[in-house]
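Inspection log for the structure reproduced underneath, given as structure tokens.
The values are calculated or read from the model by the stated rules, or taken from the named source; none is laboratory data. Fair warning: this is a prediction, and the values are worked out from it, not measured in the lab. Here Cβ is always computed from backbone atoms with ideal geometry, including for glycine, and neighbour counts include all displayed protein chains. What goes into the accessible areas is simple: the full protein's heavy atoms, side chains included, and nothing from ligands, DNA or RNA. Shrake-Rupley method; radii C 1.70, N 1.55, O 1.52, S 1.80 Å.
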Amino acid sequence: MSSIEGKVAIVTGAASGIGREIARELARAGAAVAIADLNIDGANAVAAELVATGARAMGIAMDVTDEDAVNAGTATVVEAFGGLDVLVSNAGIQIVNPIEHYAYADWKKMLAIHLDGAFLTTRAALPHMYRAGADGRSRGGVVVYMGSVHSHQASPLKSAYVTAKHGLLGLSRTLAKEGAKHGVRSHVVCPGFVRTPLVDKQIPEQARELGISEDEVVSRIMLGNTVDGIFTTVEDVAQTVRFLVEFPTAALTGQSFVVSHGWHMQ
Ligand code: NAD
């Protein structure tokens with residue numbers, strides 16, 4: 001039996017792509033899963049899919065940049081499922097442009113979703129993980145932030161994304177130190193390119209900006225530095241998150257795990 005059995009998880013941005021597969025994987029492992037997303041129809045559809053398999057799941061309308069929505073959504077999940085053990089802060093978008101043309105509004109939007117969203121969801125989750133049970137010990141928990149190879153490397157056109165994804169390392173490491181005495185562990189998972197809507201949108205945009213073909217964007221920019229020319233999959237990332245959630249001790253905390261077919265080695 002997985003140690004996740006009976007735990008409660010919130011996964012943000014789980015109506016699509018990587019977050020959706022993480023929600024599926026945690027549900028397969030026996031967790032009750034809240035699918036929190038701006039796209040409530042998508043979130044409800046994922047929840048319905050999981051419920052149909054016998055899992056406990058619910059869709060939650062949540063803009064991770066909205067403090068009230070994050071607090072209220074987290075409280076709703078705790079009320080419905082009786083607590084909170086796992087937060088996967090995954091919601092994200094991409095806006096590519098060279099720095100000199102990067103609109104300030106786009107910069108602020110990127111940092112708000114990736115960094116403010118990570119902070120707000122963490123702050124809302126922690127009181128439930130820190131809360132002491134009848135034995136006087138904290139409930140504990142695991143927080144996983146969706147970083148990227150861009151938590152460690154830079155690429156042209158991605159100033160805000162690279163800045164935000166680097167920033168998550170700082171938040172995660174601070175939480176690893178603060179949360180330890182409450183049994184809370186924290187990690188950043190750092191995928192290479194995964195074929196999701198977020199990446200599909202970038203291919204023509206990068207081709208235009210860089211003056212190369214879409215095939216070259218894929219073969220050179222996205223997969224050129226991997227060891228095997230293969231995209232990382234949503235399953236690869238979800239299994240890594242599951243491993244980190246299941247890992248039993250703080251021997252692993254404050255770490256970043258790169259899942260990238262060797263694109264980035266640390
Ligand atoms: P996706 O576009 O498939 O899914 C992103 C989800 O986030 C969508 O359901 C969207 O509605 C939701 N979302 C966007 N803004 C939100 C907000 N303000 N509040 C709540 N939900 C919001 O993208 P994906 O590729 O699955 O990306 C998920 C995460 O993985 C992102 O943080 C992204 O940066 C990261 N990532 C993706 C890749 C990749 O290659 N796809 C690589 C590394 C890291």
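Note the angle between two axes, namely the Cα long axis of helix 67-81 and the longest principal axis of the Cα atoms of the chain, as a number of degrees from 0 to 90, rounded to the nearest 10.
50 degrees
Looking only at GLY73, GLY42, GLY136, which one moves most when the chain is put into a Gaussian network model with springs between Cα atoms under 10 Å?
Of the options given, GLY136 has the highest mean-square fluctuation.
Count the lysine pairs in the chain whose Cα atoms lie under 23 Å apart, taking only pairs 8 or more positions apart in sequence or on different chains.
Here the count comes out as 11.
Which percent of Cα-Cα pairs in the stretch 142-266 sits in each 5 Å bin, short to long?
2, 11, 19, 21, 19, 12, 8, 5, 2, 1, 0
Given the options VAL149, VAL189, VAL218, state which has the largest fluctuation in a GNM of the chain using a 10 Å cut-off (strictly under) for Cα springs.
For the chain, modelled as a Gaussian network with Cα springs under 10 Å, the answer is VAL218.
So which GluC sites (Glu not before Pro) in the stretch 3-39 are both in a DSSP loop and have at most 10 other Cβ atoms within 10 Å of their Cβ? Present the calculation step by step, with values, prior to reporting the outcome.
On the way: sites: GLU5, GLU21, GLU25; in loops: GLU5.
Sparse-neighbourhood loop GluC sites (Glu not before Pro): GLU5.
Compute a Gaussian network model of the chain, connecting alpha carbons closer than 10 Å, and tell me which residue from GLY229, GLY92, GLY179 fluctuates the most.
Checking each option, the largest mean-square fluctuation is seen for GLY229.
In debye to the nearest 20, how big a dipole does the chain give about its Cα centre with +1 on each Lys and Arg Cβ and -1 on each Asp and Glu Cβ?
Working: 22 positive and 27 negative charges, 172 e Å.
Roughly 820 debye, rounded to the nearest 20.
So for the stretch 37-125, considering every pair of alpha-carbon atoms, how many percent are separated by more than 23 Å?
It works out to 31 percent of all Cα pairs.
Can you give me the accessible area per residue for the chain, using a 1.4 Å probe, in Å²?
Computed with neighbouring chains in place, this is 44 Å² per residue.
Counting only helical runs of four or more DSSP H residues, what would the 222 nm mean residue ellipticity of the chain come to if each run contributes -39,500 (n - 2.57) and the total is spread over all its residues?
Details: 8 runs with 110 residues, N = 266.
So the helix-based figure for the chain works out to -13500 deg cm²/dmol.
Dipole of the chain (Lys/Arg Cβ +1, Asp/Glu Cβ -1, origin at the Cα centre): which of GLY229, CYS190, VAL46 lies farthest to the positive side?
Of the options given, the answer is CYS190.
How far apart, in nm, are the 7 Å Cα→Cβ label points at VAL227 and ILE99?
Result: 3.3 nm between the two label points.
How large a share of the accessible area of the chain, in percent, is made up of carbon and sulfur atoms when the probe is 1.4 Å and the other protein chains stay in place?
Numbers: 6220 of 11610 Å².
With neighbouring chains kept in place, the figure for the chain is 54 percent.
Using +1 at the C-beta of Lys and Arg and -1 at the C-beta of Asp and Glu, which of LEU210, ILE60, ALA72 has the Cα lying farthest in the positive direction of the dipole of the chain?
With unit charges placed on the Cβ atoms, the residue in question is ALA72.
Need the full-extension length gain, THR174 to GLU209, defined as separation in residues times 0.36 nm minus the C-alpha distance. One decimal, nm. Numbers along the way, then the final one.
On the way: separation 35, 0.36 × 35 = 12.60 nm, distance 3.66 nm.
Computed gain between THR174 and GLU209 is 8.9 nm.
Using a 1.4 angstrom probe on the protein heavy atoms only, could you order HIS182, HIS114, HIS101 from most to least accessible area?
Numbers: HIS182 45, HIS114 10, HIS101 120 Å².
Accessible-area ranking of HIS182, HIS114, HIS101, largest first: HIS101, HIS182, HIS114.
Provide the FRET efficiency to the nearest 0.05 for the PHE247-ASP135 pair, computing r from the beta carbons and using R0 = 25 Å.
Given R0 = 25 Å and the Cβ-Cβ separation, E is 0.65.
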